[in-house]
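Structure record follows, encoded as structure tokens.
Read-outs throughout are calculated quantities, based only on the coordinates presented, and are distinct from any laboratory measurement. Values in this document were obtained by computation on a predicted structure and should not be read as measured data. Methodologically, a virtual Cβ is constructed for each residue, glycine included, from the backbone with ideal geometry; neighbour enumeration extends over all protein chains shown.
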Amino acid sequence: MMMKSEVVIIGGGINGCALAYELSLRDVSVILVEKKYLTYGATGRCGAGIRQQWSTRENVELAMDSVKIFEELQHGNQWDIGLRQGGYLIVIHDEEELGQMKKNVQMQQSLGLDVSLVEKDQIPQIVPSLDPSGMDAMGATFCPSDGHADPFKTTYAYAHAARAQGAQLYTQTEVTDIRSQNGEIQEVKTTRGSIKTGIVINAAGAWSQRIASMLDVAVPNVPFRKEILVTERLQPLFEAMVISFRDGIYFSQMEGGQIVGGIPIPHEQPGYLMEPTFTFLQHMSRTLTRYMPCLKHLNVLRQWTGFYDVTPDALPILGETPGLNRFIQCHGFSGHGFMVAPMIARLLSQLIIEEKSCPILDRLGLHRFKDKDWKVQERSVVG
Amino acid sequence: MTTIMCRCEDLTEEEIVEAINEGYTTLEELKRKLRLGMGPCQGRTCMPLVMRLLAKHTGVPPNEMELPVTHPPVIPVPLGTLASDDDEK
């Protein structure tokens, strides 16, 4: 069967579904294909934190704009996306981190973000039960409008609205090939049939390089296994997400009372490994109970893994592809794709519909790796 | 009358049927939509019940259904036990 659509989106995560929504809202015909089910990849496995405290202007701007959209979806559109803004507390351990954080906070404040440095003895006022000495803190930064949304509810809300606007979302459908001719996209072949189209969006997360290779396009992403755990529920204890760049830990309490958090295991190699490890479980439990000793009696229910889709500069790859018209890249989020997805979807929709780019898309194109123009690295990556 | 199917997450038969009718027709999807089987029992109690319910509504027999992935630890374990540092000494 030959199907036809103006745009084909590959990948049913938050980015693909948000794009399906934004494009169909503007009357563009969309088919989204997902090889498993919606949220199968990083979206359904992530901590779903929403953070605006970054070290690069690009990420701060993207995250701030996205927070406005998350707020609009929850409160304006009345979608139940489980948005909770309890802030992010970033632990500072030493003078070097303090120096970097002072610079970050100054830059973030200059962009209009409500963020501040916190003294060591003020930390328990923001997150009770944290042990500043146990976690070896000399201070922290805190941004009260950071937070968390439910990754399933958010993705399903976007998908549901996209379908209502006429978008077709096909799950259990795998892309087997993409055809182009004279630098123009012609057709996407899937296990459900072929789709005639002129525009393809590669939003396949950790599998994006496989999609790109179907058109002989090289992307520099590598998948890294990341692990995470969830505990049983307990009474509301704290609202903020707590993270540390030195220890790599992040954890927060969900609306339902569970603690969810992760930490990298030492010497992790890139690749498509999905097995959970006991090393993680032990390392996470030790670090978490050092940060918050009262959690030691809490039961761990489940640990699982997902992939960070990591680029050399830890910034996403977005927009047009050099040498191939209308092959739109939307991947390489390096562990923070959920929180910026709402704004990315708007920027890419503008690019697709009005052929209108913007400074952020210009800076984050695939061309930067060919030009070796990617010196500024995002330093504030966690997990 | 209300029938509870997932005791850990307080899910009723009606809620599960509603999700099936909305198009969440596999166990993995129902799990993500409803938190089915995500509580302390990790699906041991509810999964067979829901498989029968799903079979009734989709026509797919339970023995042909893909089961949700099983995650460690097999039973709930306290963080303090996992953090014990005996093997580090």
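Each Lys and Arg Cβ is given +1 and each Asp and Glu Cβ -1; about its Cα centre, the stretch A:254-367 then shows a dipole of about 440 debye. Exceedance of the 19 Å cut-off in Cα-Cα distance is limited, within the set A:Lys4/A:Lys189; A:Lys153/B:Lys33; A:Lys36/B:Lys56; A:Lys35/A:Lys189; A:Lys153/B:Lys31, to A:Lys36/B:Lys56. The alpha-carbon atoms of the stretch A:85-210 define a convex hull whose volume equals 219 cubic angstrom per residue. Modelled spin labels at A:Gln350 and B:Val17, positioned 7 Å past Cα toward Cβ, are 4.8 nm from each other. The ranking of A:Asp247, A:Asp146 from fewest to most other beta carbons within 10 Å of each one's beta carbon is A:Asp247, A:Asp146.
For A:Tyr272, A:Tyr40, A:Tyr21, A:Tyr158, the sequence from fewest to most other C-beta atoms within 10 Å is A:Tyr272, A:Tyr40, A:Tyr21, A:Tyr158. In chain A, a dipole from Cβ-located charges (positive for Lys and Arg, negative for Asp and Glu) runs towards its positive end, and of A:Val200, A:Gly49, A:Met101 it is A:Val200 whose Cα lies farthest in that direction. Scanning chain A for DSSP H helices at least 15 Å long along the axis (C-alpha atoms) with a Kyte-Doolittle mean no lower than 1.6 picks out nothing.
Think of chain A as a dipole: +1 on every Lys or Arg Cβ, -1 on every Asp or Glu Cβ, centred on the Cα centre; then among A:Gly134, A:Ala218, A:Met1, A:Met1 lies furthest on the positive end.
Computed per residue of chain A from DSSP H runs no shorter than four, each worth -39500 (n - 2.57), the mean residue ellipticity at 222 nm is -8000 deg cm²/dmol. The Cβ shell under 14 Å around A:Pro144 holds other residues with a net charge of -2, Lys and Arg each +1, Asp and Glu each -1.
Put a dot 7 Å past the Cα of B:Ile4, heading toward its Cβ, do the same for A:Leu117, and the two dots end up 5.2 nm apart. Computed about the Cα centre, the dipole magnitude for the stretch B:4-88 is approximately 400 debye when only Lys and Arg (+1) and Asp and Glu (-1) carry charge, each at its Cβ. Looking at the square roots a ≥ b ≥ c of the eigenvalues of the Cα gyration tensor of the protein assembly as shown, which shape do they give, rounded for a/c under 1.5, prolate if a/b is larger than b/c, or oblate? Oblate, because a/c is 1.5 or more while a/b does not exceed b/c. Of the residues A:Leu324, A:Ser334, A:Ile353, the one whose Cα sits farthest towards the positive end of the charge dipole of the stretch A:275-383 is A:Ser334 (charges of +1 on Lys and Arg Cβ, -1 on Asp and Glu Cβ, taken about the Cα centre).
For the stretch B:16-70, the list of trypsin sites (Lys or Arg not before Pro) that fall in a loop by DSSP and count at most 15 other C-beta atoms within 10 angstrom reads B:Arg44.
Magnitude of the charge dipole for the protein assembly as shown, about its Cα centre and with charges confined to Cβ atoms of Lys, Arg (+1) and Asp, Glu (-1), is about 740 debye.
Taking neighbour counts of Cβ atoms within 10 Å as a proxy for exposure, in what order, fewest first, do A:Glu355, B:Glu28 appear? Listed from fewest to most nearby Cβ atoms, that is A:Glu355, B:Glu28. Across the stretch B:4-88, the mean sequence separation of Cα contacts (distance under 8 Å, 6 or more residues apart), normalised by length, yields a relative contact order of 27 percent. Counting Cβ atoms of other protein chains within 10 Å of each Cβ in A:292-300 and taking the mean gives 5. Can you compute the label reach from A:Met138? Point 7 Å from Cα along the Cβ direction, backbone N cut-off under 13 Å, restricted to the stretch A:73-111. Zone members listed by number: A:92-102. Between the stretch B:58-77 and the stretch A:122-172, what's the alpha-carbon centroid distance in Å? Taking the Cα centre of each part, the stretch B:58-77 and the stretch A:122-172 sit 27 Å apart. Counting only DSSP beta bridges with both residues in chain A, the antiparallel share comes to about 70 percent. If you take all other residues with their beta carbon under 14 Å from the beta carbon of A:Ile199, and give Lys and Arg +1 and Asp and Glu -1, the sum is -2. Relative contact order for chain A: 23 percent, from Cα pairs under 8 Å spaced at least 6 residues apart, divided by residue count. Taking 0.36 nm per residue of separation and subtracting the Cα-Cα distance, full extension of the segment from A:Thr176 to A:His267 would add 29.4 nm. Take the alpha carbon gyration tensor of the stretch A:37-89, find the square roots of its eigenvalues, order them as a ≥ b ≥ c, and report rounded if a/c is under 1.5; if not, report prolate when a/b exceeds b/c, else oblate. Verdict is oblate for the stretch A:37-89.
With K and R counted +1 and D and E -1, the other residues having a Cβ less than 15 Å from that of A:Leu113 yield a net charge of -1. The distance between label points at A:Lys196 and A:Met107 comes to 4.8 nm (points 7 Å beyond Cα on the Cα→Cβ vector).
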